[in-house]
């Protein structure tokens, strides 16, 4: 996992590829370490066809919600996990 901190006035999409590129290798079995995730989940703030293409070129499946579509893409079922984790971080300043 990787974390990037930016100002509140920065767009999320500008940090997508640098964040994916900063993911460290995962230790595990002997041999070539795993360096990238299988997929990336993102909300409508990450909707960008050029970024989808770039992720596919890196063999990463982009699961990014599209703008101007109804909810129900399946991505919302994981949101509470993110919100809970952020609240834990705020409690332990």
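The values are calculated or read from the model by the stated rules, or taken from the named source; none is laboratory data. Here the structure is a predicted model, which means the values were calculated and not measured. Here Cβ is always computed from backbone atoms with ideal geometry, including for glycine, and neighbour counts include all displayed protein chains.
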Exercise for review: For residues that are touching a helix residue (DSSP H, G or I) at 6+ places or on another chain (Cβ under 9 Å) and over 13 Å from residue 46 (Cβ atoms), scanning just segment 65-86, find the one that is modelled with the highest pLDDT.
Suggested key: 68
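Can you name the residue in segment 17-31 that is surrounded by 11 or more Cβ atoms within 10 Å (Cβ to Cβ) and touching a strand residue (DSSP E or B) at 6+ places or on another chain (Cβ under 7 Å) and is also nearest to residue 47 (Cα to Cα) among such residues? Talk me through it step by step, then tell me what you get.
Step one: of segment 17-31, the residues surrounded by 11 or more Cβ atoms within 10 Å (Cβ to Cβ) are 17-23, 26.
From what is left, the residues that are touching a strand residue (DSSP E or B) at 6+ places or on another chain (Cβ under 7 Å) are 20, 26.
Values: 20: 15, 26: 27 Å.
Selected residue: 20.
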Check your understanding: Taking the condition under 21 Å from residue 82 (Cβ atoms) and without any contact (Cβ under 8 Å) to a residue 60 or more places away in the chain, does residue 18 pass?
Key -> yes
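Yes or no, residue by residue, for (1) out of contact with any helix residue (DSSP H, G or I) (no Cβ under 9 Å at 6 or more places or on another chain); (2) part of a loop (DSSP other than H, G, I, E, B); (3) modelled with pLDDT of 85 or more:
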residue: 1; (1), (2), (3): yes, yes, no
residue: 8; (1), (2), (3): yes, yes, no
residue: 15; (1), (2), (3): yes, no, yes
residue: 20; (1), (2), (3): no, no, yes
residue: 23; (1), (2), (3): yes, yes, yes
residue: 28; (1), (2), (3): yes, yes, no
residue: 31; (1), (2), (3): yes, yes, no
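How many residues, within segment 35-53, are surrounded by 13 or more Cβ atoms within 10 Å (Cβ to Cβ) and either part of a strand (DSSP E or B) or in contact with a helix residue (DSSP H, G or I) (Cβ under 6 Å, 6 or more places away or on another chain) (or both)? Let's see the steps before the verdict.
In the first step, residues of segment 35-53 are kept if they are surrounded by 13 or more Cβ atoms within 10 Å (Cβ to Cβ); the result is 36-37, 40-48, 51-52.
Keeping just the survivors that are either part of a strand (DSSP E or B) or in contact with a helix residue (DSSP H, G or I) (Cβ under 6 Å, 6 or more places away or on another chain) (or both) gives 40-42, 45-46, 48, 51.
Counting residues in segment 35-53 that are surrounded by 13 or more Cβ atoms within 10 Å (Cβ to Cβ) and either part of a strand (DSSP E or B) or in contact with a helix residue (DSSP H, G or I) (Cβ under 6 Å, 6 or more places away or on another chain) (or both) gives 7.
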